[in-house]
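The values are calculated or read from the model by the stated rules, or taken from the named source; none is laboratory data. No experiment lies behind these values; they were computed from the predicted model shown. Cβ coordinates were reconstructed from backbone atoms using ideal geometry, including for glycine residues, and neighbour counts include every protein chain displayed. Please note that ligands, DNA and RNA were not included when accessible areas were found on the heavy atoms of the full protein model with its side chains. Shrake-Rupley method; radii C 1.70, N 1.55, O 1.52, S 1.80 Å.
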Amino acid sequence: MRWLAFPKMALGLTLATLAALVLVGINEAGYRQSTQALTEVGEAQRVRLVLNMLLQNIIDAETGQRGYLLTGEARYREPYDVAVKQVDGQLAALQVLYAGKPVETARLTQLSKHVSRKLAEMDMSVRLRRDGNDDAWKFVITTDVGREEMEAIRQQAGELISISNEALMLGQVQIAKSLRFARIGIGLVALAGLLAFYLYLRQAHVLRSAGERQQEALQRERNALEDEVRERTATLAELATHLQQVRESERGFLARELHDELGSLLTAAKLDVARLKSRLIDSPDAIQRLQHLNELLNSGIALKRRIIEDLRPSSLANLGLIASLEILGREFAERSGTEIEMVLEPVALNEADQLTIYRMVQESLTNISKYAQATEASIVMKNYGNHVIVEVADNGKGFDARSTRPSSHGLAGMRHRVEAAKGKLTISSAPGQGTRLSAMLPASPPRSSKAA
Ligand SMILES: Nc1ncnc2c1ncn2[C@@H]1O[C@H](COP(=O)(O)OP(=O)(O)O)[C@@H](O)[C@H]1O
Ligand SMILES: [Mg+2]
């Protein structure tokens with residue numbers, strides 16, 4: 001899809017560049033042609049103007065000459081003199097204008113010849129009149145030389161003017177052609193430009209929608225992955241809860257077995273020892289041994305009680321949460337030599353949540369005695385009505401709560417238990433700063449009316 005898009009994009013760009021180049025070309029060619037034509041038109045106009053002026057001057061000279069011949073008054077000669085003076089300049093100007101044009105130059109030579117003759121004829125008659133040679137100038141007038149020359153001048157000038165007119169028309173046609181060419185060219189190029197722009201827009205649209213589709217696909221994939229992760233996490237959490245429950249019930253089963261079976265065995269053994277003791281009054285050695293056996297049995301019973309208590313805190317059911325925590329704390333202080341402070345308020349929690357709190361405090365105290373090297377510790381349980389907060393803190397060496405080993409399961413299990421009870425566990429610790437574990441649990445009134 002993408003690899004197809006680029007050639008199309010390039011096509012649009014090439015088309016646009018070509019259109020721009022053609023536009024510049026057309027404009028430039030039109031400009032040159034028009035300028036050329038304009039120059040030619042200008043020259044033709046100038047030629048026409050000079051020719052007309054020349055004709056006018058000769059006519060003026062002739063009119064002046066006639067007036068002077070008829071009246072002999074100097075004021076009639078004046079326009080004649082002025083006109084004659086200008087003729088040479090005009091012929092020279094025409095020479096320059098016709099440079100490089102052989103046909104026109106040949107005609108101009110003809111014209112110049114006739115003009116010279118005409119001027120010579122007029123000059124002669126004027127001079128004769130001035131000298132009072134009346135017959136002579138009248139004779140000159142009656143010959144047809146002047147009229148014929150004038151006729152030739154008119155004809156030559158007329159032809160030169162019509163050549164100029166032709167050039168003028170050609171120039172105009174050329175300009176019109178250039179304009180038409182530019183008009184059509186610019187129109188076509190504008191269309192091509194529009195087409196290129198359209199191609200570009202369409203391609204951009206195609207690219208954008210392809211991008212969007214890809215984005216959507218990615219988003220879908222991400223959502224699916226997130227769903228899967230969520231599902232797996234939920235399954236794992238369920239499994240962990242289940243395992244914890246199984247563990248608790250196994251512990252309960254073991255505790256019951258130990259209590260019922262081992263308990264009755266040990267009690268029966270103690271009764272037998274008592275009975276034997278009453279029968280062996282005469283043998284102090286045997287009594288001493290029985291005494292020792294009795295002590296061993298007592299230690300066995302005490303050990304059994306401790307194990308049962310550890311397996312399943314009977315104190316929880318018998319004495320309630322506060323008393324059980326107090327026992328834990330006291331045993332911890334005796335065992336580790338750490339001072340402990342306890343502030344425990346009665347709270348409303350069901351049996352499962354009480355066990356959660358109990359296990360959390362138990363694991364925290366174990367961690368303190370294992371790692372913290374603390375001199376002081378505290379257990380605080382507060383009742384906030386709709387929730388309960390339990391905190392276990394120590395002033396020990398602390399740890400970096402973000403980098404615990406993956407093989408440590410104590411804190412993770414604690415968090416899981418608290419979260420399974422819809423609560424939240426916060427661990428605050430830093431090296432050298434002690435450790436504070438805080439569990440917040442929603443209040444869950446116990447099924448029996450007895451509060452902890
Ligand atoms: N109160 C504490 N003081 C100092 N370090 C602690 C404390 N509690 C936990 N730790 C540190 O956190 C780690 C994880 O504890 P935990 O999850 O209970 O696992 P485990 O007890 O199996 O090592 C411990 O190895 C210890 O380094
Ligand atoms: Mg631990």
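At what distance in nm do the modelled label points of residue 408 and residue 31 sit from each other, each positioned 7 Å from its Cα along Cα→Cβ? If labels sit at residue 408 and residue 31, their model points lie 8.2 nm apart.
Our summary gives the chain a relative contact order of 12 percent, counting only alpha carbon pairs under 8 angstrom and 6 or more residues apart. Between the helical axis of 2-71 and the dominant principal axis of the chain, each derived from Cα atoms, what acute angle in degrees is found, rounded to the nearest 10? For helix 2-71, the angle is close to 20 degrees.
Roughly how many Å² is the accessible area per residue of region 2-208, as a whole number, for a 1.4 Å probe?
62
Multiplying the residue separation of residue 314 and residue 56 by 0.36 nm and subtracting their alpha-carbon distance yields 78.4 nm.
Between residue 198 and residue 116, the contour length at 0.36 nm per residue exceeds the Cα-Cα span by 22.3 nm. Against the chain, whose longest principal axis comes from its Cα atoms, helix 284-311 is set at around 20 degrees.
The simple Förster model, with R0 at 35 Å and r as the Cβ-Cβ distance, assigns residue 250 and residue 400 a FRET efficiency of 0.55. Angle of helix 263-279 to the longest C-alpha principal axis of the chain, folded into 0 to 90 degrees and rounded to 10: 20°.
Within region 319-442, all pairs of alpha-carbon atoms sorted by distance into 5 Å bins from zero give the percentages 2, 11, 23, 25, 21, 13, 5, 0. In terms of its alpha-carbon gyration tensor, the chain comes out prolate; a/c meets the 1.5 threshold, and the first ratio a/b outweighs b/c. Over 20 Å between Cα atoms, which of 85/113; 277/304; 370/397; 397/422; 370/424 qualify? Long pairs (Cα-Cα over 20 Å): 277/304; 397/422; 370/424. Note on residue 177: aspartates and glutamates with a C-alpha under 20 Å away, same-chain residues under 8 apart excluded, are 28, 40, 43, 166. Work out the FRET efficiency for residue 281 and residue 327 from their Cβ-Cβ distance, taking R0 = 51 Å, and round it to the nearest 0.05. So the FRET efficiency works out to roughly 0.80.
Applying 0.36 nm per residue to the separation of residue 162 and residue 147 and subtracting their alpha-carbon distance, the gain on full extension is 3.2 nm.
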